[in-house]
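A quick write-up on the structure given underneath.
The values are calculated or read from the model by the stated rules, or taken from the named source; none is laboratory data. Given the structure is predicted, the values throughout are model-derived calculations rather than measurements. Glycine also receives a Cβ, built like all others from the backbone with ideal geometry; neighbour counts cover every protein chain displayed. Quick note on the areas: whole protein, heavy atoms, side chains included, nothing else; ligands and nucleic acids left out. Shrake-Rupley method; radii C 1.70, N 1.55, O 1.52, S 1.80 Å.
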Amino acid sequence: MTATFEKPDMSKLVEELRALKAKAYMGGGEERVQAQHAKGKLTARERLNLLFDEGTFNEVMTFATTKATEFGLDKSKVYGDGVVTGWGQVEGRTVFAFAQDFTSIGGTLGETHASKIAKVYELALKVGAPVVGINDSGGARIQEGAVALEGYGTVFKANVMASGVVPQITIMAGPAAGGAVYSPALTDFIIMIKGDAYYMFVTGPEITKVVLGEDVSFQDLGGAVIHATKSGVVHFIAENEQDSINITKRLLSYLPSNNMEEPPFMDTGDPADREMKDVESVVPTDTVKPFDMREVIYRTVDNGEFMEVQKHWAQNMVVGFGRVAGNVVGIVANNSAHLGAAIDIDASDKAARFIRFCDAFNIPLISLVDTPGYMPGTDQEYKGIIRHGAKMLYAFAEATVPKVTVVVRRSYGGAHIAMSIKSLGADLIYAWPSAEIAVTGPEGAVRILYRREIQNSKSPDDLIKERIAEYKKLFANPYWAAEKGLIDDVIEPKDTRKVIASALKMLKNKREFRYPKKHGNIPL
Ligand code: HXC
C-alpha cells in the first residue's frame, strides 16, 4: 500500500512558515547571538532594522542554504547562509543592503552567500538604487574551498559592475581578513566602527610576526583609527554601531540613487545670496601664515553643514559634501594648516578619487585653492608623486560636471593646474584679491631667474629681497592673470557663496561631451 500525502490546511501551513521564519531569524542561535552581543556587536538583522525606515525591509532568499556537504556542512546548514539580503526605504528612498551574519557560520562566504549578495546587486542595478554592505565575516568559508573563492569573484565583479552606476557604501562591522577586504575596497565609501571587534587587513598579526618578525596588535594593524589616519582605506570612523548607521544615512542624503539622477535637492532655508560673515578674518594675506580652509567651507555651504570625507587622512587636502542653495556640491580644498597645503601623493589620491565619484554621480565640483605646489623631496619622488599627482589632473580634466574654482590665496605651479583651471576644463574661475598665481613662489622664482646676478652680487641678500618685491608686485595678486583672461572675475571674499550659487544655477543644465572610448587610462 502506498501512503497518501494529505496536505495540511492553510492555517497549518502558515503556522509552519512562521516557525521556519522564526528559525531563520535566529541566525546561528541564541548562544551565538549572545556571543555577538558580548563583543559589543549587533546582529545582522538588528543592524538592518536600524538602517531601514520602520517596517520597510523586504528580505530575499531567506531560506537559502549552502549546497556544500563537506566537513559536515550538510548537517550544520543554517537558513540564510550567513548573510541577510534585501531592500527597504532609507528616509523614504529605496536602498538595497546585505548584512553578513557572524552568528551563522561566522558570516563566512560560500557559494550561496555570494549568490545572495549578487542577487541584491542585480536588482539594485536594474532599478538604480544604492547598495549598503554591512561586513562582519570570517572570510572565505574554508569548507567550501575554491568554490568560496569563486564566490568572492562573484561579489567583486558585482562591486565593479555597479561602480559608477549606483553608490556603494560599506560598513565595516566586524573582521575582514585576506582577500575579503577587497569587496569593501571596491565600494565608494567605507565607514568603519571603532573598537576591538572591528578590523581589516590583508595579512593578520600572527603571519606578520612569522614572516617579518613584527609585533603588532589587531587594532594597530587594521583598526578603524589606523585605516582612517594612516592607510586612507576608511572614509569615516563611527564611534559605535548606531553611529555607523547615522553616518550611512547622512551620506545617502547627499547622493543620487544612480548615475542617471541628480543628487537630492533640499530646501535648507539658507539664502543663496547670504554674505559670508567674518570670512576675511579667517584668511591671513601673509602667505607664510597657515589657516584652516574648513572655516571658509563652513561659511560657504548651507547652514555650515559639511560632511567631510577622509577627514583624518591627507589633511592637506579637504574633500567632502555640502549644499549651496539646496544643491549638493563636492568641495575640493587645500588646507595650509597641514604640510602648508602642498599636494603630496596621499592628497592627490584623495582628491582624485573624490572628484571621480562626484563626476560619476552628477555632483558639481567646487575648488578652493591655496597651495604652494606639489610636495618636493626624495620620499615623494621615489614613491611616485609624478604618477600619483597626475591623478588629480586626470580626474578634473575628465570630469564633465559643473566645475567652479575659487583661488583664495596661493596657486602655484602644477598644483595651480591640478586644482582645476580654465584650460583643464573649469567652467568658471574666480579669485579673491589675496590670490597669488604664478609658476612658482617668489623666493624660488627669484633664485632661478637671477641666479647669476645673485652669485655676482656683493650683497646677495639685499638683491634677493629687492627682486622678490618686484616679483610679488607682478604676481602676488590676481590681476596679472585676470588681465590675461585667465580669471573670470576677482571677487570680494564675502561674496564667494553668492558667486558660486549663481554659477551653479547657470551651469545646472551643462552638457559636455567626450569622445566615445572603452575607458580612459588614469595613471594608477
Ligand atoms: C569557516 C569559519 C571561518 C572560516 C570563522 N568560522 N571563520 N568557518 N570558514 N573562514 C567559524 C568558526 O569556526 C566559528 O564557528 C564561527 O565561525 C565564529 O568564529 P570564532 O573563531 O568562534 O569567532 P572569533 O573568536 O570572534 O574569531 C573570528 C575570526 C576567526 C578572527 C574571524 O574565526 C578566524 O580567524 N577565522 C578564520 C579567518 C580566515 O582565515 N579566513 C580566511 C581568510 S582568507 P562555530 O560553529 O564555532 O560558531 C579569505 C580569502 C578571500 O577570506 C579570498 C578573496 C579573494
**Asked** Right, VAL202: under 21 Å from GLN310 (Cα atoms) and within 11 Å of the ligand (Cβ to nearest atom) or not?
**Response** yes
**Asked** Can you list the helices (runs of 4 or more DSSP H) found entirely within segment 195-287 that contain at least 3 residues being in contact with a strand residue (DSSP E or B) (Cβ under 8 Å, 6 or more places away or on another chain)?
**Response** 218-222, 241-254
**Request:** Could you tell me whether any residue of segment 419-426 is within 27 Å of the chain's Cα centre (by Cα), in a loop (DSSP other than H, G, I, E, B) and surrounded by fewer than 16 Cβ atoms within 10 Å (Cβ to Cβ)?
**Result:** yes
**Item:** Complete set of residues in segment 413-468 that are at pLDDT 95 or above, within 17 Å of ALA482 (Cα to Cα) and touching a Gly at 6+ places or on another chain (Cβ under 9 Å)
**Value:** HIS416, LYS422
**Item:** GLN315 vs. criteria touching a Gly at 6+ places or on another chain (Cβ under 8 Å) and either at pLDDT 95 or above or under 19 Å from MET276 (Cβ atoms) (or both)
**Value:** no
**Prompt:** Filter segment 146-174 for residues that are in contact (Cβ under 8 Å) with a residue 60 or more places away in the chain and crowded, with 22+ Cβ neighbours inside 10 Å; which is nearest to the ligand (Cβ to nearest atom)?
**Reply:** GLY174
**Fill in**
Log entry, pairs with first residue in segment 89-103 being not assigned by the TED database to the domain that holds GLY55, second being within 16 Å of the ligand (Cβ to nearest atom) and modelled with pLDDT of 95 or more, beta carbons closer than 6 Å, six or more apart or on different chains, reads none
**Prompt:** Any residue in segment 384-400 that is open to solvent by less than 20 Å² (accessible area, probe 1.4 Å), touching a residue at least 12 places away in the same chain (Cβ under 8 Å), in contact with a strand residue (DSSP E or B) (Cβ under 8 Å, 6 or more places away or on another chain) and part of a loop (DSSP other than H, G, I, E, B)?
**Reply:** yes
**Prompt:** What pairs can you find where one residue is in segment 248-277 and farther than 21 Å from GLY133 by Cβ and in contact (Cβ under 8 Å) with a residue 24 or more places away in the chain, the other is open to solvent by less than 60 Å² (accessible area, probe 1.4 Å) and among the hydroxyl-bearing types (Ser, Thr, Tyr), and their Cβ atoms are less than 6 Å apart, with a gap of 6+ or different chains?
**Reply:** MET276/THR496
**Asked** If you go through segment 122-139, how many residues are surrounded by fewer than 24 Cβ atoms within 10 Å (Cβ to Cβ) and of a type outside the set (Lys, Arg)?
**Response** 8
**Message:** So, in segment 474-497, exactly how many residues are open to solvent by 80 Å² or more (accessible area, probe 1.4 Å), part of a helix (DSSP H, G or I) and touching a residue at least 24 places away in the same chain (Cβ under 8 Å)?
**Reply:** 1
**Request:** For segment 117-136, state whether one or more residues are under 27 Å from the mean Cα position of the chain (by Cα), part of a loop (DSSP other than H, G, I, E, B) and within 16 Å of the ligand (Cβ to nearest atom).
**Result:** yes
**Message:** Among the numbered criteria (1) open to solvent by 70 Å² or more (accessible area, probe 1.4 Å); (2) not in a helix (DSSP H, G or I), which one does LYS505 miss?
**Reply:** (2)
**Request:** Please specify each residue of segment 184-194 satisfying the condition of being open to solvent by 10 Å² or more (accessible area, probe 1.4 Å) and in a helix (DSSP H, G or I).
**Result:** ALA185, LEU186
**Request:** Would you mind stating whether SER434 is open to solvent by 20 Å² or more (accessible area, probe 1.4 Å), polar (S, T, N, Q) and either in contact with a Cys (Cβ under 7 Å, 6 or more places away or on another chain) or more than 30 Å from ASP267 (Cβ to Cβ) (or both)?
**Result:** yes
**Asked** List the pairs whose first member sits in segment 57-82 and is free of Cβ contacts under 8 Å to residues at least 40 places away in the same chain and over 17 Å from GLY107 (Cα atoms), whose second member is within 14 Å of the ligand (Cβ to nearest atom) and in a loop (DSSP other than H, G, I, E, B), and whose Cβ atoms are under 9 Å apart, counting only residues at least 6 apart or on separate chains?
**Response** THR69/LYS75
